[in-house]
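Below you'll find the structure, written out as structure tokens, and then a few comments.
The values are calculated or read from the model by the stated rules, or taken from the named source; none is laboratory data. Bear in mind the structure is a predicted one, so any value in this text is a computation, not a measurement. Because the Cβ atoms are built from the backbone with ideal geometry, glycine has one as well, and the counts that use them run over all protein chains shown. When the accessible area is computed, the model is the full protein with side chains, heavy atoms only, and any ligands, DNA or RNA have been set aside. Shrake-Rupley method; radii C 1.70, N 1.55, O 1.52, S 1.80 Å.
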Amino acid sequence: MALPTVAVLDYGSGNVRSAVRAVERAGADVTLTADPAVAFEADGLLVPGVGAFEACMQGLSAVGGERLVERRLIANRPVLGICVGMQILFAEGIEHGVRTAGCGQWPGTVERLEAPIVPHMGWNTVEPPAGSRMFAGLEQERFYFVHSYGVREWDIAPGGPVKPPEVTWTSYEGDRFVSGVEQGPLWATQFHPEKSADAGRRLLENWIATL
């Protein structure tokens, strides 16, 4: 049986080799590509991201990434965003007083954490909603975070014709931020599954099982 295919989007966001290796270990045939046509045809698309929100949005736009994500979601084709690859799915980011528009898949602002020690670096737990597919079997596990910014307020009210996203939270030094989102074919994590040992591998396996 052929393995599911996953495209890891290469848009200049940093070292993506660890993400490629992690998804391969989780059971997929992985291609690292900046070609939107190749990325659209894959069973799954992984959007990584490290560094500044503005720089990642510039890189994403340069390879047609915003349109690629939109096209895949319209076609109900799975997308997974990781770290800043999750953050850019929100409406905007604010860093050092600079406000940058994101992809706008979800309302919300990526802003600096209000914890006494920043960046948030190391292992931490998550608070997933009941019935989460992403965190199935992982409810008590710890994941690896490296970030100074996050979404600290969730702006989608329940109700309406579209089922709202399932949101996972993490607490850190008196602050609280969104650490995972699931909405149909669109999943995202603030932490790094590729750096989260067995728990991260299991999460990627959960995602690959949806492809």
Qualifying position, being farther than 22 Å from Pro4 by Cβ, open to solvent by less than 40 Å² (accessible area, probe 1.4 Å) and modelled with pLDDT of 95 or more, among Gly65, Gly27, Gly59:
Gly59
Residues being at negative phi, in contact with a helix residue (DSSP H, G or I) (Cβ under 7 Å, 6 or more places away or on another chain) and either among the charged types (D, E, K, R) or assigned to a loop (DSSP other than H, G, I, E, B) (or both) - total across region 10-36:
5
Among (1) under 13 Å from the mean Cα position of the chain (by Cα); (2) open to solvent by less than 30 Å² (accessible area, probe 1.4 Å), which single condition is Asn206 missing?
(1)
Could you check how many residues of region 37-51 are open to solvent by 40 Å² or more (accessible area, probe 1.4 Å), part of a loop (DSSP other than H, G, I, E, B) and hydrophobic (A, V, I, L, M, F, W, C)?
1
Count of region 21-33 residues which are over 13 Å from Leu80 (Cβ atoms) and either within 15 Å of the chain's Cα centre (by Cα) or among the acidic types (Asp, Glu) (or both):
2
Would it be correct to say that Ser13 is within 23 Å of Glu92 (Cα to Cα) and among the polar types (S, T, N, Q)?
yes
Could you list, in sequence order, the residues of region 76-108 that are in contact (Cβ under 8 Å) with a residue 12 or more places away in the chain and surrounded by fewer than 17 Cβ atoms within 10 Å (Cβ to Cβ)?
Asn76, Ala91, Ile94, Glu95, Val98, Ala101, Gly104, Pro107
Which of the numbered conditions does Cys103 fail, given that it passes all the others? Conditions: (1) touching a strand residue (DSSP E or B) at 6+ places or on another chain (Cβ under 8 Å); (2) not in a loop (DSSP other than H, G, I, E, B).
(2)
List every residue pair whose Cβ atoms sit under 6 Å apart, with the two residues 6 or more apart in sequence or on different chains, where the first one lies in region 179-207 and is more than 17 Å from Glu127 (Cβ to Cβ) and the second, anywhere, is hydroxyl-bearing (Ser, Thr, Tyr) and surrounded by fewer than 19 Cβ atoms within 10 Å (Cβ to Cβ).
His192/Tyr144; Glu194/Ser18; Lys195/Tyr144
In region 12-24, how many are modelled with pLDDT of 95 or more and surrounded by 16 or more Cβ atoms within 10 Å (Cβ to Cβ)?
4
